[in-house]
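Below is one structure; the comments refer to it alone.
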Amino acid sequence: MNITNELFELMSQRHCGVLPLEDIHENLTMFEAGFDSLRFMELVVLIEEHFSIEFPDDLLDITSTTTIGDIALRINQQV
């Protein structure tokens, strides 16, 4: 499994998200995927534990334009 697919899994209903895995894609914004600031912080903890990384501080604040692809890119840069 690649990093992007692992991120999709963490963001799905199976973990801390609200969407089924098949509805998650890179162009979806975090808000469209159902992530408010609290749910996003839950995801950050999962990402840090799953990938054994420290999430970059500049991505701790998501905006209305932050996409899942943006998050995946930053994880790829950290691992």
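The values are calculated or read from the model by the stated rules, or taken from the named source; none is laboratory data. Everything numeric in this text was worked out from a predicted model, so none of it was measured. A quick note on method: Cβ atoms are made from the backbone with ideal geometry, for glycine too, and the neighbour counts reach across all protein chains shown.
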Those residues of region 63-79 which are assigned to a helix (DSSP H, G or I), at pLDDT 90 or above and not hydrophobic (A, V, I, L, M, F, W, C), in sequence order: GLY69, ASP70
Tabulated pairs, region 30-52, first in contact (Cβ under 8 Å) with a residue 40 or more places away in the chain, second surrounded by 16 or more Cβ atoms within 10 Å (Cβ to Cβ) and outside any helix (DSSP H, G or I), C-beta under 8 angstrom, 6+ apart or interchain: MET30/ILE62; MET30/THR66; MET30/THR67; ILE47/PHE55
Qualifying residue in region 6-18 (condition: exposed (fewer than 13 other Cβ atoms within 10 Å of the Cβ) and polar (S, T, N, Q)): no
Scope region 31-62; condition of a type in the set (Val, Ile, Thr), touching a Phe, Trp or Tyr at 6+ places or on another chain (Cβ under 9 Å) and in a loop (DSSP other than H, G, I, E, B); matching residues: ILE62
In region 60-72, residue farthest from PHE8 (Cα to Cα) [restricted to those that are of a type outside the set (Ser, Thr, Tyr) and crowded, with 17+ Cβ neighbours inside 10 Å]: ILE62
